Structure formats: C-alpha cells, structure tokens
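Below is one structure, written out as structure tokens, with a few remarks after it.
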Amino acid sequence: MKKLIALFVTLGIAVIMTGCGPSNQAGGSMGTSKAGGAAGKKITIVMIPKLKGIAYFNACEQGAEEAAKSLPGVNLVYDGPIEAKSDQQIELIDSWIVRKPDVIAVSCNDPDELAPSLKRARDKGIHVITFDADANPTRSGREFFVNQATPQAIGSTLVDVMAKEAGPAAQTVVITSTLSAPNQKEWLKYMRQRISQAYPKMRIVQVYPSEEDQQKAFARTQDAIKAYPNVKGIWGISSTAFPGAADAVEQAQGTGKIAVTGLATPNQMKPFVKRGVVKTVVLWNPIDLGYLTVYTANALATGKLKPGDKSVDAGRLGKKEISGDQVLLGKPMLFTKANIDKFNF
C-alpha cells in the first residue's frame, strides 16, 4: 500500500512539473529558432514605409516577407500610414515603442520630424534602422541605413539618361514627392552637381512637389508644360511622380517631343515604355531592398551585425557592402523596351 501511495505522489509531481513547462501558444512561444535571441526568443521586426498600398512599397513588402520566411524565428510586421505624412509615421512608431519589438525599420517622410520618435525607441532598447529614405542619423540615433544605391549614383544616372534623351542643353523640370523627403533631396543635390560638372548648359527650371499622389503629379506636370513651353525633359523622381508625369506628357501630345524619365517600378511604367512615351526607367530592385532590410534587421537584433562591420550576410543576395553606417544594395538599374518584360514588380 505504501508503494502504491508513493507511486501516486511521484505521478502527481510529474504532472505538476509538466504543467509548468513553456507555453507554445501564439505570441508567447518559447521556440527553438536558430535566428532568435537568448533562449530561442522570436525576433520581431516592424517595417514602416512612407506609405502603404503603392506599387513601390508593395514590392518592398514582398521582399521583406520573403526574407522573414527564410529566417527561422523572425516575426515581420509591415505597418505603414495611409498618407505620406510624418505625423502618421510618428503615431505608428510611438505605438510600437510601447510594444517593444526588437527592431523598427522606417522609410522616413522627413528626416528631422521622425528623429525624436526614433530616438525614443533607441532609448527604450529597441534597435532602429532606416531603409529607402534616411533619418537624421545624429538626432535619431538610428544604427544603420539600408540604402538602395548611393545618392550620387542615382543622381548621376538620372542626369546622364536625360542628357542622352533630351540633349545636353535641355530645359528640364523635376516632379518630386515632397520637398522634405530626405532621399529625394539628396538625389536632387547630386543631379544638380552632375549637371554642373558634365552638362553646364542643361537647366532645371522648376521643382514641383506632388505629395506621393499620382494625380497631383499629373496636374503639376500639366502646370509645368504650360508654364515652360520650351521644356524638353521631365524627371519624375518617385514611384507616383513618374507615372503621373508620363501620363501628362502623353495626353499633351508630348510623346517624342518631351523626354520623361525617373524612378518607378517596371510594372508601372511598362505601358508608357511600350507606347514610346518613356524610353528609360531608372530604379533598383525594391523587392531586394525589402529583403536586405529584414536581413540587416535580423543580423542587428541577433548580434551578428555591429558598428564598424564592413559587410553583412544577406541570404540569396550574398554579402552586401557596408560603407560607414550604410548597407548598400548596389548600383541603379536601367529598364528599357529591350528588357522591361523580364521583370515583374
């Protein structure tokens, strides 16, 4: 009888100990992820684009999701504003600071307006990186910027394409997203520098903001054609500005008379390229940019990436160069009638 009682006690202790084991419920899992932090902790990465729902950032999201699926233990949240406004991004950042993800990655609508929120995240122990468009690195405390290409390479490529298509002495107009967008301000700086050095007779006569709105870009281009009847070239340097500008030029019977080039996804621009309105689309692969951002975030969160490193392992992209605190995707790509059908993003 004593042996039987002892057996029941032993079984009871075993049951109690089993009940105290780690939970496997969603949101509280103690998994065995290879990519996780201490004790197999999941890594949560929050990516905040300038704007959700447009082709360019949809492509970034596609690449980010691909990377997250290839990294065991990574939980990706892609959460952006419905308008390209800094205050909406700030609200999102502040709401995520409370939930303490491992990494927040932001494409900034304004480098200075977002800096205090990013600094608050850093002060709470959250890793902060930027992608596509940087924050003020000093004020924000962000650790790395995942850069699609150097601003100098993008600016120079845009100008070289325009000089080839509109002529080295062309009168030109720029349609941008916002005048404060950090990436576009940098591109414009290097566009002007390239013009000064290589094409001194070329002129940028006006820069029009379009607020990441294709219809506004269309209207601003119409305004430019009316205001500057001698304009020979129009740059659209965002993924909404470029198709809006191309549409306006086509409707003004400017095909073959006004060169239109800029930055947008190939799928957006294929109809204009095939109709001859646009000859060259300048971009990089935004799918790869989203992919590289998640790999960079994961490497930072798991301690595999530290300040001073010269490269980062980026899965199918191989090792990517780090210049200072910038992780570089690569050189700009040119999409033309000869190759644009090979790309689907």
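The values are calculated or read from the model by the stated rules, or taken from the named source; none is laboratory data. Because the structure is a prediction, the values reported are computed rather than measured. Positions of Cβ are generated from backbone atoms using ideal geometry, with glycine treated the same way; all protein chains shown enter the neighbour counts. With ligands, DNA and RNA removed, areas are computed over all heavy atoms of the protein, side chains included. Shrake-Rupley method; radii C 1.70, N 1.55, O 1.52, S 1.80 Å.
Numbers at a glance
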read-out	value
Cβ-Cβ under 6 Å pairs, at least 6 apart or on other chains, the range 162-189 side more than 22 Å from Gln222 (Cα to Cα), far side open to solvent by less than 50 Å² (accessible area, probe 1.4 Å) and charged (D, E, K, R)	Ser180/Asp110; Pro182/Asp134
Asn344 being in contact (Cβ under 8 Å) with a residue 24 or more places away in the chain and open to solvent by 50 Å² or more (accessible area, probe 1.4 Å)	yes
Single condition Val103 does not satisfy, out of (1) under 27 Å from Phe345 (Cα atoms); (2) touching a strand residue (DSSP E or B) at 6+ places or on another chain (Cβ under 9 Å); (3) open to solvent by 50 Å² or more (accessible area, probe 1.4 Å)	(3)
Selection status of Gly256, surrounded by fewer than 22 Cβ atoms within 10 Å (Cβ to Cβ) and modelled with pLDDT of 95 or more	yes
Of all residues in the range 201-221 being open to solvent by less than 30 Å² (accessible area, probe 1.4 Å) and in a loop (DSSP other than H, G, I, E, B), the one that is nearest to Ala153 (Cα to Cα)	Met202
In the range 289-341, the residues that are of a type in the set (Gly, Ala, Ser) and open to solvent by less than 20 Å² (accessible area, probe 1.4 Å)	Gly290, Ala297, Ala299, Ala314
Checking Asp247 against (1) under 27 Å from Pro111 (Cα atoms); (2) free of Cβ contacts under 8 Å to residues at least 40 places away in the same chain; (3) among the acidic types (Asp, Glu), the condition it does not meet	(1)
Restricting the range 80-131 to residues that are touching a residue at least 24 places away in the same chain (Cβ under 8 Å) and hydroxyl-bearing (Ser, Thr, Tyr), the residue that is farthest from Asp288 (Cα to Cα)	Ser117
Selection from the range 168-200 of residues that are closer than 12 Å to Pro111 by Cα and assigned to a helix (DSSP H, G or I)	Pro182, Asn183, Gln184, Lys185, Glu186
Selection status of Thr176, of a type in the set (Ser, Thr, Tyr) and open to solvent by 10 Å² or more (accessible area, probe 1.4 Å)	no
Sole exception among (1) open to solvent by 50 Å² or more (accessible area, probe 1.4 Å); (2) touching a Lys or Arg at 6+ places or on another chain (Cβ under 7 Å); (3) of a type in the set (Gly, Ala, Ser) for Gly125, by number	(2)
Evaluation of Pro72 against (1) touching a residue at least 24 places away in the same chain (Cβ under 8 Å); (2) assigned to a helix (DSSP H, G or I) (one fails), failing number	(2)
Residue list for the range 320-345, restricted to those being under 19 Å from the mean Cα position of the chain (by Cα) and charged (D, E, K, R)	Lys320, Glu321, Asp325, Lys331
Residue ranges of strands (runs of 3 or more DSSP E) in the range 228-345 with at least 3 members of a type in the set (Val, Ile, Thr)	278-283
